[in-house]
Amino acid sequence: MTCAILSRMEDVMKGRIGGEQGYEVRCNLDGDAIRGRAGGKLHGKDITLEITETGVVGTVGNESVSIQLQEGELKGNVGSEKITLRGVDRVTGFLGEPIIGWNIVAQQNGEKLVGQLGSTVLGRTFELNLGSAPGWVGALVAAVAFYALEPRAVTRK
């Protein structure tokens, strides 16, 4: 009798921020854990996030991520920047402070999430294949990757 060992298929979220001139984002989804990388080997940051009962915690590069569910919105910090996200399939929010921050707008269509970080002129578009993740997770990963790799775009303290 032969026993076949079935390898567990990984659920992967991948895509690009900033179009052709931007950078790749690739994360493995394992239950409530999200692990991956934004950017390449030379210019990139590792992403490690965990969805908890009350929000999301983790790191991007050497920066911490701590977000809590408050009154139907996810609010907290990505490194030194404030973040607010609302919605599941249609996600809106903000990264940074008013006036100098970045709007977040994204729409899920099936397993694809398309969105914009910041304005049409100065912002970055993004497109992610979500795997089995909901749209808000993709929008969060895009915002975290943007924070990590666009230091001129956010106001580091």
**Message:** What's the magnitude of the charge dipole for the stretch 11-149 around its Cα centre, counting Lys and Arg as +1 and Asp and Glu as -1 at the beta-carbon? Answer in Debye, nearest 20.
**Reply:** 380 debye
**Prompt:** HN-Hα J couplings of the stretch 33-38 from phi, Karplus 6.51/-1.76/1.60, θ = phi - 60°, integer Hz, Gly and Pro as x?
**Reply:** 9, 10, 10, x, 8, 10
**Request:** Please give every one of the aspartates and glutamates within straight-line cross-link reach of LYS14, meaning a C-alpha to C-alpha distance under 19 Å, and leave out same-chain neighbours fewer than 8 residues apart.
**Result:** GLU24, ASP30, ASP32, ASP46, GLU50, ASP89, GLU111, GLU127, GLU150
**Item:** Three-way shape label, the stretch 109-150, alpha-carbon gyration tensor, a/c 1.5
**Value:** oblate
**Complete:** For the chain, the accessible surface attributable to carbon and sulfur atoms (probe 1.4 angstrom, ligands and nucleic acids excluded) amounts in percent to 52 percent
**Request:** Report, by chain and number, residues whose modeled amide H sits under 5 Å from the one on GLY76, excluding near sequence neighbours (fewer than 5 apart, same chain).
**Result:** GLN68, ILE83
**Fill in**
Helix 135-149: inclination vs the chain longest Cα principal axis, degrees, rounded to 10, gives 60 degrees
**Under 9 Å, Cβ to Cβ, from GLY36 - net charge with Lys/Arg +1 and Asp/Glu -1** = +3
**Asked** What number comes out for the charge environment of VAL56, summing +1 per Lys or Arg and -1 per Asp or Glu over other residues with Cβ under 12 Å away?
**Response** -2
**Asked** Each residue of the stretch 105-114 in turn: what ³J(HN,Hα) in whole Hz from Karplus with 6.51, -1.76, 1.60 and θ = phi - 60°, glycine and Pro shown as x?
**Response** 9, 8, 10, 8, 9, x, 8, 10, 10, 10
**Fill in**
Distribution output for the stretch 18-94: share of Cα-Cα pairs per 10 Å bin in percent, first bin at 0, values 18, 43, 35, 4
**Asked** Which whole-number percent is the relative contact order of the stretch 11-149 (Cα, under 8 Å, 6+ apart)?
**Response** 21 percent
**Prompt:** Can you list the HN-Hα couplings for the stretch 90-96, worked out from phi with the Karplus curve (6.51, -1.76, 1.60; θ = phi - 60°), rounded to whole Hz and with x for Gly and Pro?
**Reply:** 10, 10, 10, x, 8, 10, x
**Request:** With no solvent and one equal point scatterer placed on each C-alpha of the chain, evaluate the Debye formula and give log10 I(q)/I(0) for q = 0.09, 0.21 Å⁻¹, two decimals.
**Result:** -0.27, -1.51
**Item:** Solvent-accessible area per residue for the stretch 11-149 (1.4 angstrom probe, square angstrom)
**Value:** 50 Å²
**Message:** Could you tell me which residue out of GLY96, ALA33, TRP136 lies farthest along the dipole of the chain toward its positive end? Charges go on the beta carbon: Lys and Arg +1, Asp and Glu -1, centred on the Cα centre.
**Reply:** GLY96
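The values are calculated or read from the model by the stated rules, or taken from the named source; none is laboratory data. The structure presented is a predicted model; accordingly, all values stated were derived computationally and were not measured. Cβ atoms come from the backbone with ideal geometry, glycine included; neighbour counts cover every protein chain shown. These area figures cover heavy atoms from the full protein model, side chains too; ligands, DNA and RNA do not enter into them. Shrake-Rupley method; radii C 1.70, N 1.55, O 1.52, S 1.80 Å.
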